[in-house]
1. Any residue that is in the same structural domain as ARG29 (by TED's automatic domain parsing), within 30 Å of GLY289 (Cα to Cα) and over 15 Å from the mean Cα position of the chain (by Cα) - is there at least one of those in region 132-148?
2. Just need a number here: residues in region 106-131 that are out of contact with any strand residue (DSSP E or B) (no Cβ under 9 Å at 6 or more places or on another chain) and under 20 Å from LEU167 (Cβ atoms).
3. Out of MET162, MET173, which single residue is surrounded by fewer than 20 Cβ atoms within 10 Å (Cβ to Cβ) and assigned to a helix (DSSP H, G or I)?
4. Do we find a residue being free of Cβ contacts under 8 Å to residues at least 60 places away in the same chain and either in contact with a His (Cβ under 8 Å, 6 or more places away or on another chain) or farther than 16 Å from SER126 by Cβ (or both) anywhere in region 86-96?
5. Which is surrounded by 15 or more Cβ atoms within 10 Å (Cβ to Cβ), farther than 26 Å from ALA132 by Cβ and of a type in the set (Asp, Glu), of ASP22, ASP32, ASP12?
6. Working only within region 257-295, note down all residues that are among the basic types (Lys, Arg) and crowded, with 19+ Cβ neighbours inside 10 Å.
7. Which one is farthest from ALA132 (Cα to Cα), of the residues in region 215-259 that are assigned to a strand (DSSP E or B) and without any contact (Cβ under 8 Å) to a residue 60 or more places away in the chain?
8. Exactly one of (1) surrounded by fewer than 15 Cβ atoms within 10 Å (Cβ to Cβ); (2) in contact (Cβ under 8 Å) with a residue 60 or more places away in the chain is unmet by PRO151. Its number?
Amino acid sequence: MRCLHPFCPASDNESNWAAVLDLPELGVRAADRAAALAVLTTQYAVAPSTPAIARPIPPLGGAVLRRLLNLCPCLFNQIDIAPTARGVVHFCELTLGAPISALNVHQAFLIQHPRAPGFAPGPFRSCSSGGAVMEMLCSEVLSTAGIPAMPLDANRWPIWSMPGHILLNEGRMSSLQALGDLLIPCAPTNLVISVKSEVARERLLYSANSIEGIGFGFFKEPQEFWTDSRMALYKRMGFTAIYMPAETHTSVMKHVSAAGSARHAVNINGTDLYRPLTAFASDMLRVVGRSSALL
């Protein structure tokens, strides 16, 4: 997760607040620059702390402040404002001490969980949108693997570039969010990823909506997946693969094998329907811009 905060623990850039305020994408008015720079250089010349400490808010307009927070998510540790999902993901990375990948995304999920020990450092406030955080964790796994989120143009449409993925809950694509959360371009139909938290229930089952779907979640109840009828329904509803934590995946497959139902746990391509989260990035790299038959 990109953070341009000059004192971000994960950054090796030699930037300063003057350079940040000069960024064209921030759009600071010349009349506001001096006052904002004075506050940032005197109050924000430190890295995020544990516990978080709120500081005076830089004198910037609401839209400019939101853009600043988006560019420098470490500021959510230093300003009394609820963090965005991107901000939460950044603090997961800071706590892990590493970029979020398919190998540690479950650990990142546990860091931000309300019942977890928490961040070090973390945001001053809690994020109110758990679903958006889950989606951003999935997006960050793809970005780390070399499949970045496509940026938006001036009209809020994605700028198609390959390899890349689309966030269906942002910009003009948000009108399609009922179909899923992220989109991976490939043939013969794009893959739509449905991101869920710890339980699947019927919400996951119907989210593929008969489009070729991918399930991605931090599921903790293996019994939701191991019956023959549930496996048949997932395939009928268009799922090619469902990714879950390694422990849950092991429990599901042990039960499926013991019940003699292994032949049901395959997708339309004759390969595994259920897969560990650790396989997600490499699988998506194999199919992006190519063919979902490779799954």
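1. no
2. Adding up the residues that qualify gives 7.
3. Numbers: MET162 fails: assigned to a helix (DSSP H, G or I).
On inspection, the qualifying residue turns out to be MET173.
4. Taking region 86-96 and keeping what is free of Cβ contacts under 8 Å to residues at least 60 places away in the same chain, we get 87-88, 91-92, 95-96.
Now drop any that are not either in contact with a His (Cβ under 8 Å, 6 or more places away or on another chain) or farther than 16 Å from SER126 by Cβ (or both), which leaves 96.
Yes: region 86-96 contains one or more residues that are free of Cβ contacts under 8 Å to residues at least 60 places away in the same chain and either in contact with a His (Cβ under 8 Å, 6 or more places away or on another chain) or farther than 16 Å from SER126 by Cβ (or both).
5. On the way: ASP22 fails: surrounded by 15 or more Cβ atoms within 10 Å (Cβ to Cβ); ASP12 fails: surrounded by 15 or more Cβ atoms within 10 Å (Cβ to Cβ).
Just a single option satisfies the conditions, and that option is ASP32.
6. Initially, region 257-295 is screened for residues among the basic types (Lys, Arg), giving 263, 275, 286, 290.
Matches in region 257-295: ARG275 only.
7. Kept after step one, since they are assigned to a strand (DSSP E or B), are these residues of region 215-259: 215-217, 239-244.
Add one more test, that the residue is without any contact (Cβ under 8 Å) to a residue 60 or more places away in the chain, and what stays is 215, 239-244.
Values: GLY215: 16, PHE239: 22, THR240: 23, ALA241: 21, ILE242: 19, TYR243: 18, MET244: 18 Å.
Among those that are assigned to a strand (DSSP E or B) and without any contact (Cβ under 8 Å) to a residue 60 or more places away in the chain, it is THR240.
8. In the conditions (1) surrounded by fewer than 15 Cβ atoms within 10 Å (Cβ to Cβ); (2) in contact (Cβ under 8 Å) with a residue 60 or more places away in the chain, PRO151 misses (2) alone.
The values are calculated or read from the model by the stated rules, or taken from the named source; none is laboratory data. These figures come from a predicted structure and were not determined experimentally. Note: ideal-geometry Cβ built from the backbone for every residue, glycine included; neighbour counts use all protein chains shown.
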